[in-house]
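Contents: one structure, followed by commentary.
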Amino acid sequence: MSDELPAADRPRQDNGGNHAGARLRDDLVMGLRFFSRLPTSDRPHEKPNLSRMAPALPFTSLVIGVLPAFLLMGACWIGVPSFFAAALAVAALVITTGAMPEDALADAMDGLFGGATIERRLEIMKDSRHGTFGVSALCLYLVLRVTALGSLAAINPLAAGSVWLAAGVLARSGALWLSVDLPAAREGGASASAGRVTRRDFLIGAVFAAILSFVLAGPFVSVLGWFLGLLAVAGTAWGWTWLCRRLLGGQTGDVIGALHALSEVAVLTVFLVFA
């Protein structure tokens with residue numbers, strides 16, 4: 001009797017292109033499971049790996065942001081006032097991400113500015129309760145996004161949705177620079193368990209993020225506005241990295257998420273000037 005398996009049961013032999021496509025799909029799903037609450041396939045969950053997620057993260061960000069962006073545009077087009085539409089859209093994104101950047105920003109601000117030592121700062125960030133610094137930062141983050149998007153949507157809803165998507169793509173990918181440049185500040189945290197991002201994977205994701213953001217925002221903010229938006233992300237990442245190195249000696253999931261929030265506001269500020 002032959003030991004050869006029937007054709008239907010043999011393992012598939014994928015060529016390079018198919019393998020690369022399957023890997024990108026798997027990394028996209030991993031990113032959606034890590035950064036959002038969106039439903040994905042019922043396949044078993046893999047252990048999160050930030051370096052694997054990094055190249056696919058711009059596409060992950062696009063998927064995460066597309067429904068809130070469409071909600072913003074659609075609400076404006078049917079006559080909902082622009083600022084109310086912006087508030088609804090931001091609320092939808094908060095639900096989609098499970099308030100991940102918002103919670104990280106509040107924890108990071110409480111820890112970095114509420115503690116006198118590295119140990120105390122890390123202890124405060126681990127506390128689920130929010131203090132004055134965290135609540136203030138969280139409120140300002142929500143208000144700034146709503147006012148930025150509402151102002152843009154009052155002029156051009158399509159521009160508002162596209163620019164918001166571009167800002168999210170740049171901010172989420174740019175925030176991973178902390179994982180490239182700084183070691184984990186503590187063991188057992190979300191960032192430490194997901195591993196550090198290699199420089200190569202970060203750069204691949206950064207290139208994809210730049211291209212996607214140009215396609216989305218370029219027609220509305222000009223090439224100069226888009227380029228200054230890139231500089232805004234880079235400058236915010238540099239400043240935040242310096243602060244985290246000085247106050248924490250490393251990075252955590254909270255300060256990575258906080259950098260995402262700060263970078264999003266920085267990019268929206270620049271795009272508002274040129275839109």
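What's the longest uninterrupted piece of the chain once you rule out the GluC sites (Glu not before Pro) that are loop residues per DSSP with at most 10 other Cβ within 10 Å?
On the way: sites that count: E4, E187.
It runs 5-186.
How would L149, L216, L203 line up from fewest to most surrounding beta-carbon atoms within 10 angstrom? Walk me through the numbers before you get to the answer.
On the way: L149 29, L216 25, L203 14.
Least crowded to most crowded, the residues run L203, L216, L149.
Could you work out the longest stretch of the chain that avoids the trypsin sites (Lys or Arg not before Pro) located in DSSP loops with at most 16 other Cβ atoms within 10 Å? Before the final figure, lay out each step's value.
Numbers: sites that count: R12, R37, R129.
In the chain, the maximal stretch lacking such sites is 130-275.
Can you give the FRET efficiency to the nearest 0.05 for K47 and L272, using r as the Cβ-Cβ distance and R₀ = 35 Å?
Details: r = 39 Å, r/R0 = 1.13.
Efficiency for this residue pair is about 0.35.
Please list log₁₀ I(q)/I(0) at q = 0.14, 0.21, 0.26, 0.31 Å⁻¹ for region 60-119, using the Debye equation with identical point scatterers on the alpha-carbon positions.
Each listed q corresponds, in turn, to -0.52, -0.79, -0.98, -1.15.
If you find the alpha carbon centre of region 87-146 and of region 181-245, how far apart are they in angstrom?
Between the Cα centre of region 87-146 and that of region 181-245, the gap is 19 Å.
Peptides 150-157, 135-142: what's the order by average Cβ count within 10 Å, highest mean first?
Answer by packing, highest mean first, reads 150-157, 135-142.
Using DSSP H assignments, which helices in the chain have an axial alpha-carbon span of 18 Å or above and a mean Kyte-Doolittle hydropathy of 0.5 or higher? Can you show the working numbers first?
On the way: long enough: 16-35 (28 Å, -0.11); 50-77 (39 Å, 1.48); 82-97 (22 Å, 2.17); 100-114 (20 Å, 0.21); 132-155 (35 Å, 1.78); 157-175 (27 Å, 1.09); 199-247 (40 Å, 1.25); 253-274 (32 Å, 1.78).
Going by DSSP H runs, the hits are 50-77, 82-97, 132-155, 157-175, 199-247, 253-274.
Given a Förster radius of 35 Å and the C-beta distance between L67 and A234 as r, what FRET efficiency does 1/(1 + (r/R0)^6) yield to the nearest 0.05?
Working: r = 29 Å, r/R0 = 0.82.
Efficiency for this residue pair is about 0.75.
Please work out how much length the chain gains when fully extended from A22 to R120, using 0.36 nm per residue of separation minus the C-alpha to C-alpha distance, in nm with one decimal.
Details: separation 98, 0.36 × 98 = 35.28 nm, distance 4.36 nm.
This chain segment gains 30.9 nm when fully extended.
Take every Cα-Cα pair in the chain and report what % of them are more than 34 Å apart. Display every interim value, and only then the final one.
Values: 7917 of 37675 pairs.
Across the chain, Cα pairs with separations above 34 Å total 21 percent.
Using all Cα-Cα distances in region 129-275, what percent lands in each 10 angstrom bin from 0 up to the longest?
12, 39, 33, 15, 1
Where does each of T97, T132 land when they are ranked from fewest to most other beta-carbon atoms within 10 angstrom? If you can, show how the numbers build up before the last one.
Numbers: T97 22, T132 11.
Least to most surrounded, the residues fall as T132, T97.
How much net charge surrounds R43 when only other residues with a Cβ under 12 Å from its Cβ are counted (Lys, Arg +1; Asp, Glu -1)?
Values: positive: R25, R33; negative: D26, D42, E46.
Its environment carries a net charge of -1.
Report the Cα-based extents of region 88-197 along its three principal axes, largest first, to the nearest Å.
That gives 48, 32, 21 Å along the principal axes, largest extent first.
Bear in mind these aren't lab numbers, they're just calculated from the coordinates by the rules spelled out. Bear in mind the structure is a predicted one, so any value in this text is a computation, not a measurement. Positions of Cβ are generated from backbone atoms using ideal geometry, with glycine treated the same way; all protein chains shown enter the neighbour counts.
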